[in-house]
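> This is the structure I want to talk about, given as structure tokens.
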Amino acid sequence: MVFYSNPPDGGYGWVVVVSAFMVMGLTVAVLKTFGLFFVEIQQHFDELASTTSWITSVTIAVFHLGAPVASSLCVQYSHRTVMITGGLLAFSGMALGFFGFNMVWMYATTGFLQGLGISFSWTPAISIVSHYFSKKRALANAIVSAGECAFAFTFGPFFQWLISQYGWKGALLIIGGIQLNICVCGVLMRPLASSCLLETIHYKSPFIHKSFNWMLVRRPEFMLYAIFGILAAMSFFVPPLFLVPLSYSLGIDESWTASLLSILAMVDFGGRLLCGWYANLHVTKTIHLLAMTITLISTSLMLLPLANNYLSLAIFTGFYGFFFGTTVAIHITALADVVGMPEFDSALGLFMLIRSTGGFVGPPLAGNEETETEETCDVAQMLVVLGGFLLKFKLNMRCLIVLDSF
């Protein structure tokens, strides 16, 4: 088989970027705004917040655990096939969740099936974009990751409207139908070799690895980055999930609560694009830039509990969202820099697998903090704990910077 030795850094790659942009919106953006269903589901089943939060916890965990499987299937079949399968799984999870028999049923449908669908959609989208771009990889990944923000900005009020009009069950069914568009995006994921003029070269393409490189766990720089991933998964998805209960505890009206998620998405979007543009200038090493953004997001999280009304909560949410966006925009590019592109597919799957432990523990841990008492300060304390977790990321990044200098 013949392949280009270097990524095209453009051309049909931009079609792939747009498709991946849509996939991010139809997967991660849905997960980020699922907090709007949190109170509705909790009240319907009359369960504790910690029990209800296991739905999101299972989704996040399966999302990560399915990544190595998705990566392996991409190698055996194609990114296109895996992504179409992911779209069907995501739809099935939401559609079956419509029946809402009991909490275990919700764990299995909107938890497990939805998580597997997100994994089988997200993993091939990120993987194929990284192979299509080299010099512009940071910018391309930032644009792709911004898809979840662009969609989350509209999904906040849209989901709120769906719940008010059709109930939370009807809203799940409609959202599942929307997620079928992932299959359309998957069709556009044309393999790199068939999307450009081919030249006969003796080059081993990253697309034809036959097995996972499990030996990456022996590389200290990769394991340090994986520890960062665990702590990130414990924290990254939790603030949006508990932002709704926090706003309710402050006495903020439901209509204003939805706007907080839109603000979060808007500034997140700006942070990703700005950081991607700056990283593309190659002024600062990506790993150094990541260390700086982690410090800033940690600080913003620890200040968030100071909010005591809508205006202050919106301001602190904005700071958190912006620095969250800058961090997410470059963390996949940093992974490629840490392990190199020949090992990127294996590293991506392993990174997501190891990171799953954090995603599985984070929401229930925060839920327990929130449910011990109904006072606002308990939710605030949970956010301070998350800020502490993120401060640990900084220490891991410092170790990576030292390793990177050798």
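> Among the residues of the stretch 177-219, which ones are of a type outside the set (A, V, I, L, M, F, W, C) and at pLDDT 50 or above?
Those that are of a type outside the set (A, V, I, L, M, F, W, C) and at pLDDT 50 or above: G177, Q179, N181, G186, R190, P191, K210, S211, N213, R218, R219.
> Related question: Which count do you get for residues in the stretch 125-158 that are farther than 11 Å from A20 by Cβ, modelled with pLDDT of 90 or more and small (G, A, S)?
Count: 1.
> Which one of these is more than 22 Å from the chain's Cα centre (by Cα) and not β-branched (V, I, T): P68, P7?
P7
> Would you pick out the residues in the stretch 265-285 that are in contact (Cβ under 8 Å) with a residue 40 or more places away in the chain and assigned to a loop (DSSP other than H, G, I, E, B)?
K285
> Quick check: anything in the stretch 60-72 among the polar types (S, T, N, Q), at pLDDT below 90, touching a helix residue (DSSP H, G or I) at 6+ places or on another chain (Cβ under 8 Å) and surrounded by fewer than 20 Cβ atoms within 10 Å (Cβ to Cβ)?
yes
> I'd like to verify a number: residues in the stretch 79-119 that are assigned to a loop (DSSP other than H, G, I, E, B), touching a residue at least 12 places away in the same chain (Cβ under 8 Å) and open to solvent by 50 Å² or more (accessible area, probe 1.4 Å), how many?
Residues that pass the stated criteria total 3.
> Scan the stretch 155-166 for residues that are touching a residue at least 40 places away in the same chain (Cβ under 8 Å) and open to solvent by 10 Å² or more (accessible area, probe 1.4 Å) and jot them down.
F155, P157, Q160, I163, listed by residue number.
Table: residues versus (1) closer than 21 Å to G111 by Cβ; (2) touching a strand residue (DSSP E or B) at 6+ places or on another chain (Cβ under 6 Å); (3) assigned to a helix (DSSP H, G or I); (4) small (G, A, S).
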| site | (1), (2), (3), (4) |
| --- | --- |
| P8 | no, no, no, no |
| V18 | no, no, yes, no |
| F37 | yes, no, yes, no |
| E40 | yes, no, yes, no |
| V69 | yes, no, yes, no |
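> If I ask for residues that are at pLDDT below 75 and of a type in the set (A, V, I, L, M, F, W, C), which ones from the stretch 220-257 would you list?
A233, M234, F236, F237, V238, L241, F242, V244
> Specify which of the listed residues (A314, A380) is modelled with pLDDT of 80 or more, in contact with a helix residue (DSSP H, G or I) (Cβ under 9 Å, 6 or more places away or on another chain), farther than 22 Å from F120 by Cα and part of a helix (DSSP H, G or I).
Within the list A314, A380, the selection yields A314.
> Moving on to the next point. Cβ-Cβ below 7 Å, separation at least six or inter-chain, first residue in the stretch 170-181 and outside any helix (DSSP H, G or I), second open to solvent by 10 Å² or more (accessible area, probe 1.4 Å): which pairs?
L180/F91
> Of the residues I332, I315, I297, which is open to solvent by less than 50 Å² (accessible area, probe 1.4 Å), farther than 26 Å from Q76 by Cα and among the hydrophobic types (A, V, I, L, M, F, W, C)?
I297
The values are calculated or read from the model by the stated rules, or taken from the named source; none is laboratory data. It should be emphasised that the depicted structure is a prediction, and the values quoted were computed from it without experimental measurement. Positions of Cβ are backbone-derived with ideal geometry, glycine not excepted, and every protein chain shown enters the neighbour counts. Just the protein is used for accessible areas: all its heavy atoms, side chains included, with ligands, DNA and RNA removed. Shrake-Rupley method; radii C 1.70, N 1.55, O 1.52, S 1.80 Å.
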